[in-house]
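Asker: Provided herewith is a single structure, encoded as structure tokens, for subsequent inquiry.
Any read-out appearing in this document is the output of simple, stated calculations on the displayed coordinates, not a laboratory observation. Bear in mind the structure is a predicted one, so any value in this text is a computation, not a measurement. Neighbour counts are summed over all protein chains in view; Cβ atoms, including those assigned to glycine, are modelled from backbone coordinates with ideal geometry.
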Amino acid sequence: MRRPWVAGNWKMNGSHRANAELLSSLGDVSIFSDIDVAVVPPTVYLQTVIATVAQSSLSVLAQTVSEFESGAYTGEVSVAMLQDLGANGALVGHSERRQLFAETDKQIADKFAALKNAGLQAVLCVGETLAEREAGETLAVVSRQLLAVLDRHGPEAFDHAVLAYEPVWAIGTGLTASPEQAQAVHASLRAVFAAFDEARANQLRIVYGGSVKGSNAAGLFDMPDIDGALVGGASLLADEFLAICKAAQKSA
């Protein structure tokens, strides 16, 4: 049985006051004893958020990380810096990083490896645009994005990692893939992984991201290959995020 995983990606939102209020409203997530819960604040708030939740079971991830160890890369944050702050890991390959900042499959694979080598959790995000879905290219796109890491680093690199399927057309739009649509992609991703290592494929947590809300979470989590959620806008609302966590707990 795969342990459900739920994370809230705050994106470029928040302030010291807003973050403190949100975390206070979330309370002690250890009540969700059968799932793993994380928050993903902007980098400038990582240290404060980490200190705030230090006595809880909540994990704190960065929204991105550099593939470089150190050097003349103004504005970047290295894996060692995340370790120094006490972060648990980072997202890599989020669609907004791919689309808006032109991050390549190779660059994302390098970031994934940097996190893995440091013993931090990597959350690899994959997903297709609306045009790619309408052209029938969904499985080709998400498979390519997964294989960019699998081919280079092998299935063992995913032992502590999470794979997140987030259709670009469903992020921040209010649109959500139906549970059946999401399940079909999740099952295909697991099959791609199983060609490398079936046992690890069965253990790999594949979560869904794309306008997940309290009202649709249970239907998604009922699907056999959906192991949780990478939550966007709803994670900024404590009641919504807690409702998603409750749905994940029931599915465990």
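Asker: Cross-link candidates for residue 250: which lysines have Cα within less than 24 Å, leaving aside residues fewer than 8 places away along the same chain?
Answerer: Output for residue 250: 213.
Asker: What FRET efficiency, computed as 1/(1 + (r/R0)^6) with R0 = 41 Å and r the Cβ-Cβ distance, is obtained for residue 15 and residue 131, rounded to the nearest 0.05?
Answerer: 0.70
Asker: How big is the chain on each of its three principal axes, counting only the C-alpha atoms and giving the largest first in Å?
Answerer: Sorted from largest, the Cα extents of the chain read 45, 45, 34 Å.
Asker: Fully extended, how many nm does the chain gain between residue 239 and residue 199 (0.36 nm per residue separation, minus their Cα-Cα distance)?
Answerer: 10.8 nm
Asker: Using the Cβ atoms and a cut-off under 15 Å, what net charge is assigned to the surroundings of residue 94, where Lys and Arg are +1 and Asp and Glu are -1?
Answerer: Working: positive: 11, 97, 98, 111; negative: 67, 96, 103, 105, 128, 166.
The answer is -2.
Asker: While we're on this one: Take the residue pairs 116/246; 106/246; 11/116 and return only those whose Cα atoms are more than 28 Å apart.
Answerer: Where the Cα-Cα span goes over 28 Å, the pairs concerned are 116/246; 106/246.
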